[in-house]
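To keep things clear, I will list the structure first and then write my remarks on it.
The values are calculated or read from the model by the stated rules, or taken from the named source; none is laboratory data. A quick note: this is a predicted structure, and the numbers were derived from the prediction, not measured. Glycine also receives a Cβ, built like all others from the backbone with ideal geometry; neighbour counts cover every protein chain displayed. Only protein heavy atoms, including side chains, enter the accessible area calculation; ligands, DNA and RNA are left aside. Shrake-Rupley method; radii C 1.70, N 1.55, O 1.52, S 1.80 Å.
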Amino acid sequence: MREKDENRRQHILDVTTKMIISEGISGVTLTKVAKGAGISQSNIYIYFKDKADIVKQTFLSRKQIIGDYLMFHYSPKGSAIENLTLFARALYQFAIEDPDDMALIQQFNASPVLATLDLSQEEAELNFDQIFKELKQGVEDGELREMDPDVILTMGFVTITTYAQRVAAKTIDPVTTPLSAVIDMIIAASRKPA
């Protein structure tokens, strides 16, 4: 049996990431991944069980990257509203700095394939547990609307990442529609009505 090479495994994940971004999740085939990685298809099985495994591991590797970035750049400082603002700013910065990984995560989040990947609860929430707990506390303290914190997090995530994509594509002018206004909109939707 051949020995695993972590660099080769990462290269396969990178090729798969590019394929998902350009062709969608359904466009991934082991034949195309092997060709893109410059290896034989049988070598893929050294690193991954099957197509579902390579797709799952690609998602998890990219989610780990975004999770690590956000936890490094996000330091909760105060109330749930203040922390949501800080988190939104860190998320925006990641989306601007790493648009490919963000596009991949968005494709997975919008795809029914995500539900078929047999993710554990821990994998599904990878590195978002801190902001989730703070939002939950904000709901319990009456600072945020009485709703599942996952709804607040999802609403903010989709809004910020879409805004970042449009800024990058130059279809939204960040001077006339600043990030602060977008965050204010998310906060207004999340804050408990008076």
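Where a ≥ b ≥ c are the square roots of the eigenvalues of the C-alpha gyration tensor, would you call the stretch 86-194 rounded, which needs a/c under 1.5, or, failing that, prolate if a/b is larger than b/c, or oblate? Verdict is oblate for the stretch 86-194. Counting only lysines at least 8 places from Lys35 when in the same chain, those with an alpha carbon closer than 28 Å to its own are Lys4, Lys18, Lys49, Lys51, Lys56, Lys63.
Counting only protein heavy atoms and using a 1.4 Å probe, what share of the accessible area of the stretch 31-85 belongs to carbon plus sulfur, as a whole percent? Kindly include the intermediate steps, with their values, before the conclusion.
On the way: 1390 of 2540 Å².
The value for the stretch 31-85 is 55 percent carbon and sulfur by accessible area.
Over the chain, the reciprocal of the mean inverse Cα-Cα separation, the Kirkwood hydrodynamic radius, stands at 18.1 Å. Accessible area of Asp100 (1.4 Å probe, protein heavy atoms only, ligands and nucleic acids ignored): about 90 Å².
When all alpha carbon pairs of the stretch 56-105 are counted in 5 Å bins from zero, the resulting P(r) reads 4, 23, 27, 21, 14, 9, 2, 0 %.
For Leu144, the residues whose amide H sits under 5 Å from its own are Val139, Lys192, ignoring neighbours fewer than 5 places away on the same chain, with H placed 1.01 Å from N.
Its Cα centre serving as origin, the stretch 129-194 has a Cβ charge dipole (Lys and Arg +1, Asp and Glu -1) of approximately 300 debye.
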